[in-house]
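Here's the structure we're looking at; comments come further down.
The values are calculated or read from the model by the stated rules, or taken from the named source; none is laboratory data. Remember, predicted model here, so these are calculated numbers, not experimental data. Using ideal geometry, Cβ is built from the backbone for each residue, glycine included, and neighbour counts are taken over all protein chains shown.
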Amino acid sequence: MKYSQLNEVEWDKYSVLGFDMDGTLYDEFQFIEQVYYKIAKYLALFSVNEENYIYNWLLERWKKKGSSYPYIFSEALVEFGINDHEQLKNCLSIFRSFQPQINLNNKIINFLDSISLEKELFLITDGHEFLQRAKFDSLQLTKWFKAKNVVFTGSFGSEYYKPNISTLKHIDCLQQFQSPVLYIGDRFIDEQFAENANFDFLHVKKFIDFWGVDL
């Protein structure tokens, strides 16, 4: 069995656990592979480059910059000689309306099955509401996260994205339980969010090492 960072946590300290979603509960590259393939096919219609070349370029750029980097599509238009600014809007539209087919690793399923019997769980995720809900549904997270304990910050507007903590008032279990609370996420923004909320924080620095899984 691979070592997992979870072994370091004093779980008995916490009655409530909070989670980010992308890159925390599932390997986000699953989603990126799917949506970038569709975007590459679209961009190939306007470029002399083949879709596989565009696809691989997009993936490598994401691996280097990550999901928080906002300029991958605009850089792709320059890279592939596409000068129509309308195509940038269309890339964003494809991305935000995409219906992913993603899944949880079995080890994470077992963890959630076990921990949800003992703790209250909540989830707060940033991003476009339609897309984040589609990911949530594809991952079948309703099995462990009650609707009253889930916030899609995009439904309130980007100004409510983490590290803003104002959406915590919409998490039912936090109105009933006091600290300490443990929040688990993969970005510095998640850590700032936890600090602002006076939560303990567990950093998913590298997905496979954190969960002790093989992809």
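Okay, here's what the table says:
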| quantity | calculated |
| --- | --- |
| Residue in the stretch 81-91 that is part of a loop (DSSP other than H, G, I, E, B), surrounded by 14 or more Cβ atoms within 10 Å (Cβ to Cβ) and either at positive phi or basic (Lys, Arg) (or both) present | no |
| Test: residue in the stretch 129-139 that is in contact with a strand residue (DSSP E or B) (Cβ under 9 Å, 6 or more places away or on another chain), under 15 Å from GLY18 (Cβ atoms), of a type in the set (Asp, Glu) and surrounded by 15 or more Cβ atoms within 10 Å (Cβ to Cβ) | no |
| Close pairs from the stretch 131-148: first in contact (Cβ under 8 Å) with a residue 24 or more places away in the chain, partner among the small types (Gly, Ala, Ser) and surrounded by 18 or more Cβ atoms within 10 Å (Cβ to Cβ), Cβ under 7 Å, at least 6 apart | GLN132/GLY154 |
| Unmet criterion (only one of (1) touching a Cys at 6+ places or on another chain (Cβ under 6 Å); (2) under 23 Å from SER47 (Cα atoms)) for PHE80 | (1) |
| Condition broken by VAL16, with the remaining ones in (1) buried (at least 19 other Cβ atoms within 10 Å of the Cβ); (2) closer than 24 Å to GLY66 by Cα; (3) of a type outside the set (S, T, N, Q) satisfied | (2) |
| Residue match in the stretch 179-187 (condition: over 20 Å from ASN105 (Cβ atoms), of a type outside the set (Gly, Ala, Ser), modelled with pLDDT under 90 and surrounded by 13 or more Cβ atoms within 10 Å (Cβ to Cβ)) | no |
| Of residues in the stretch 159-194 being of a type in the set (Ser, Thr, Tyr) and free of Cβ contacts under 8 Å to residues at least 12 places away in the same chain, the one farthest from SER15 (Cα to Cα) | TYR160 |
| Residue among LEU6, LEU17, LEU45 that is part of a helix (DSSP H, G or I), modelled with pLDDT of 95 or more and not aromatic (Phe, Trp, Tyr) | LEU45 |
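Each row is one residue, and each column tells you yes or no for (1) within 27 Å of TYR161 (Cα to Cα); (2) in contact with a helix residue (DSSP H, G or I) (Cβ under 9 Å, 6 or more places away or on another chain).
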position: VAL48; (1), (2): no, no
position: LEU59; (1), (2): yes, yes
position: LYS64; (1), (2): yes, no
position: SER67; (1), (2): yes, yes
position: SER74; (1), (2): yes, yes
position: GLY81; (1), (2): no, yes
position: GLU86; (1), (2): yes, no
position: LYS89; (1), (2): yes, no
position: PHE95; (1), (2): yes, yes
